[in-house]
1. Which one of the conditions (1) within 25 Å of S191 (Cβ to Cβ); (2) free of Cβ contacts under 8 Å to residues at least 40 places away in the same chain does S264 fail to meet, given that it meets all the rest?
2. Looking at segment 257-272, is at least one residue hydrophobic (A, V, I, L, M, F, W, C) and either assigned to a loop (DSSP other than H, G, I, E, B) or surrounded by fewer than 17 Cβ atoms within 10 Å (Cβ to Cβ) (or both)?
3. Taking the condition of being part of a loop (DSSP other than H, G, I, E, B), among the acidic types (D, E) and more than 19 Å from the chain's Cα centre (by Cα), how many residues in segment 273-302 meet it?
4. So which pairs qualify, if the first residue must be in segment 297-326 and farther than 20 Å from L111 by Cβ, the second must be part of a helix (DSSP H, G or I), the Cβ gap must be under 9 Å, and the two must be at least 6 apart or on different chains?
5. Need a quick list: strands (runs of 3 or more DSSP E) entirely within segment 141-256 having at least 2 residues that are surrounded by fewer than 20 Cβ atoms within 10 Å (Cβ to Cβ).
6. Give all pairs with beta carbons closer than 8 Å in which a residue from segment 120-139 that is closer than 14 Å to E295 by Cβ and open to solvent by 10 Å² or more (accessible area, probe 1.4 Å) meets a residue that is modelled with pLDDT of 95 or more and part of a helix (DSSP H, G or I); count only pairs at least 6 apart in sequence or on separate chains.
7. Would you point out which residue out of R55, R78 is farther than 21 Å from R260 by Cβ and either at pLDDT below 95 or charged (D, E, K, R) (or both)?
8. Scan segment 276-285 for residues that are buried (at least 19 other Cβ atoms within 10 Å of the Cβ) and farther than 16 Å from R304 by Cα and jot them down.
Amino acid sequence: MSQVVTERTETGSNFLTGEQLRRFERDGYLLVRGVLDPAESIDPLIAEYEGVLDRLAHDLHQAGEIASTYDHLNFSDRMVRIYQETGRDFASNFDCCLPSRGTAHDTPMWLGPAVFDVLRHDRVLDLVESIIGPEITSNPVQHVRIKPPEHALPEGADHVLVRATNWHQDNAAVDPVADETDMLTVWISLSEATIENGCLRVIPGSHRDALRIHCAPPHVAIPDVLLEVDRITPVPTQPGDVILMTRYTCHDSLPNLSDRCRWSLDLRYNPTGQPSGRPAFPDFVARSRRDPASELRDPEAWARLWYDARARLAAHPDDFIIRWRGTEPVCA
């Protein structure tokens, strides 16, 4: 098993060193510890989501779908109880993105200011600038993953955001128009992520072979025969740690076998002017050294971009290209 590449940031500037950049180029990923301060950036984010869960519980109780609002339970136990009683998950209610298909006028999502603050956080953008340059667009292929204990989930709770993630490369999830886009994945640990509760795993050096065949359905995944399974490396993290990955880095996540939720933000950035891979979704300029006035700094304006996109997609469904059909010989 490969050794996890890790660095700790210093207070202030968060640009990567030459050695860190060489490791990132060699391995296709880099673990950077202590990027975000939990009290400053993560606690407000979790508080937002506690409010989302509280409103969901009261709505479901009022509709007669659950027996109680379960106000006395902690977040994890409350979420599990709601999922068990309804027989389904509510991952979309917490996500900061729309689904790739099937958007309706009332498709839920959460676009709170604490999420936006992390998207534009200077310490995050310093890391991004180190790799893709100073003209940075926030790519709209982004997710919050609040993964409850899998053993407690009902059969109907099968969303990829709440269960273990299959082996994949992030470039596989975008339209081929973005195949040349220098997309960077920024995976932010909002809670402790361990082998027990479903931390990320990577295959160092797997980015050198560009895009691999992914099989589908039910979920897009690289078949094991195309993976260097002897090089699989778990990457445990603490709150505030960041894992940087190229668009071709093979990675997955383990199942959550603990009794508490595992939280993360899965963000992507690309150089401004390059295709995002989801043209129907709103991107925005997160940092521009050339034209700072072009930066989007208003969380309400960001949320409106997504609500407008939802209305357009509900009225005129997007023709997003799913390139994987599962008919390749290796998928048989």
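The values are calculated or read from the model by the stated rules, or taken from the named source; none is laboratory data. Predicted model, so just to flag it, every value in this text is computed and none were measured. Every residue, glycine among them, receives a Cβ derived from its backbone with ideal geometry; neighbour counts consider all protein chains shown. The area values use the complete protein model at the heavy-atom level, side chains included, leaving out ligands, DNA and RNA. Shrake-Rupley method; radii C 1.70, N 1.55, O 1.52, S 1.80 Å.
1. Going through (1) within 25 Å of S191 (Cβ to Cβ); (2) free of Cβ contacts under 8 Å to residues at least 40 places away in the same chain one by one, S264 breaks only (2).
2. Looking only at segment 257-272, we keep the residues that are hydrophobic (A, V, I, L, M, F, W, C), and these are 257, 261, 263, 265, 267.
Imposing the further condition that a residue be either assigned to a loop (DSSP other than H, G, I, E, B) or surrounded by fewer than 17 Cβ atoms within 10 Å (Cβ to Cβ) (or both) reduces the set to 257, 261.
Within segment 257-272, one or more residues are hydrophobic (A, V, I, L, M, F, W, C) and either assigned to a loop (DSSP other than H, G, I, E, B) or surrounded by fewer than 17 Cβ atoms within 10 Å (Cβ to Cβ) (or both).
3. Initial filter on segment 273-302 (part of a loop (DSSP other than H, G, I, E, B)): 273-283, 289-291, 295-298.
From what is left, the residues that are among the acidic types (D, E) are 283, 291, 295, 298.
With the extra rule that they be more than 19 Å from the chain's Cα centre (by Cα), the set shrinks to 291, 295, 298.
Summing the residues that are part of a loop (DSSP other than H, G, I, E, B), among the acidic types (D, E) and more than 19 Å from the chain's Cα centre (by Cα) in segment 273-302 gives 3.
4. Sorted first by the residue in segment 297-326, then by its partner, the pairs are I321/P176; I321/V177; R323/A172; R323/P176; W324/A172; W324/C331; R325/C331.
5. Values: elements: 184-189, 200-202, 233-235, 242-246, 251-253.
Because the criterion is at least 2 residues that are surrounded by fewer than 20 Cβ atoms within 10 Å (Cβ to Cβ), the strands (runs of 3 or more DSSP E) in segment 141-256 that meet it are 233-235.
6. As it stands, the answer is H121/S41, since those pairs meet every condition given.
7. Values: R78 fails: farther than 21 Å from R260 by Cβ.
The unique qualifying residue is R55.
8. S276, G277, R278
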